[in-house]
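These notes concern the structure reproduced below.
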Amino acid sequence: MFLVRSGPAAAGIARVLADRAARTLEPPPEDTPLRNAILVVDDSRTLRKILVQSLIEQGHRNLTEAADGCEALALMRAHEFDLVLLDIEMPHLSGTEVLQTMKSDPVLRGLPVIVISGSDHEEGAVQCIEMGAEDFLHKPYNPVLLRARISSSLEKKRLRDLDRKRLAELDFEKQMLQIEQEKSERLLLNILPKPTAERLKAGERTIADHYDSVTVLFTDLVGFTHWASGKQPGEVVTLLNQIVSAFDVLAEQHGLEKIKTIGDSYMLVGGLPLQRADHAAAVADIALEMITAIQMINWENGTQFAIRIGIHTGPVVAGVIGKRKFTYDLWGATVNLASRMESSSVPGQVHVSESTCQALHENFDFTERGPIECKGIGSVNTYFLIGRKGRTNG
């Protein structure tokens, strides 16, 4: 940016700048002036027309004129411009005041301004430069300097616009990446418990933990397979989704961990991955509420399903297996016995093992079923859960 003062020195500098611009400045592409919107602001109609004619001769066609500062600001707020040629000395609202208004406006402050001044108003030009004007021009206009300074200002504007566009694109990509990451995390949390998912994201590759005492629950829908055999696939999936979703809501309310569904069977556990002393009680409560939930679903859909539930309390190993499709699962005799409790239960009942009964007997009522034979395990004393003491279930 150059500030040229009047006198012989100024004339010499102007000639040097003109020669340098003539040697180094390449003409813009033919279609560039047509795209660049320039606002010419001058209260003198004659000087304004002279400047506009010079711009037309240089190939600019997208030109707009304003006769005073107020009109200029109104045009800037109504239209998009790439450059403003702003006269300093104007009545009512000076160029300095227009520039000050522009720089305080978040929308207009980035619009480049070349101030126009006579040799007797250079102090005003200096003030405008300090306020953020891009450059200045003396009256009368040197055609070479006019072309050079306008081209330079428009090029800077183009580069700034490109930078803003790149920043906007980067910000958009960042937001999209964040959205995709959030989607991935939600999907991961649908598969894994949150603490386990955090460990996996942190880089832990082998996740396996032993828990001394948890309570495992299995359910099975009695009558669902027969009902589904005569229905359309969409109808089957819709109703099964209603049932599983109801169980998922209950599991979340009780702070229990859903492990998986297999067909119309549902498996959950209490006491992991975050350990809690009341895991058996929480699982007993949800088991009773699952029976009520099935009754409500039957009433809503005109079905007659019954649910069979089995519960056992004991130690397990829990961990993540798989590389491309992660699975969080439980292993051990506790899982097997809980499954046997379900398969040997009766419709509409919660069948529990001796260990679960012992963990709950102070707060829950039971009826003794007696010993039953469990495949691969042998004879096991079992009980039917009635409900919490002093409360009627359902």
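The values are calculated or read from the model by the stated rules, or taken from the named source; none is laboratory data. Just so we're clear, the structure is a prediction, and the values are computed from it rather than from any experiment. Positions of Cβ are backbone-derived with ideal geometry, glycine not excepted, and every protein chain shown enters the neighbour counts.
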Checklist entry - Got at least one residue in the stretch 115-127 being assigned to a strand (DSSP E or B) and modelled with pLDDT of 80 or more? => result yes
Checklist entry - Are there any strands (runs of 3 or more DSSP E) wholly within the stretch 332-394 with 3 or more residues that are at pLDDT 95 or above, surrounded by fewer than 22 Cβ atoms within 10 Å (Cβ to Cβ) and on the phi < 0 side of the Ramachandran plot, and if so which? => result none
Item to check | In the stretch 80-101, residue surrounded by the fewest Cβ atoms within 10 Å (Cβ to Cβ) [restricted to those that are in a loop (DSSP other than H, G, I, E, B) and touching a Gly at 6+ places or on another chain (Cβ under 8 Å)] | outcome: H92
Checklist entry - Is there a residue being over 17 Å from V335 (Cβ atoms) and at pLDDT 90 or above anywhere in the stretch 258-270? => result no
Next on the checklist: Of the conditions (1) outside any helix (DSSP H, G or I); (2) at pLDDT 90 or above, L75 satisfies every one except a single condition; which number is it?
Outcome noted: (1)
Next on the checklist: Any residue at all in the stretch 363-382 that's within 30 Å of K194 (Cα to Cα) and out of contact with any Leu (no Cβ under 6 Å at 6 or more places or on another chain)?
Outcome noted: no
Checklist entry - Restricting attention to the stretch 228-255, which residues are under 28 Å from the mean Cα position of the chain (by Cα) and either assigned to a loop (DSSP other than H, G, I, E, B) or outside the structural domain of D285 (by TED's automatic domain parsing) (or both)? => result G255
Next on the checklist: Looking at the stretch 119-176 only, could you name the residues that are under 22 Å from L47 (Cβ atoms) and among the acidic types (D, E)?
Outcome noted: D120, E122, E123, E134, D135
Item to check | Residues (assigned to a strand (DSSP E or B) and within 34 Å of the chain's Cα centre (by Cα)) located in the stretch 256-297 | outcome: E257, K258, I259, K260, T261, I262, Y266, M267, L268, V269, G270
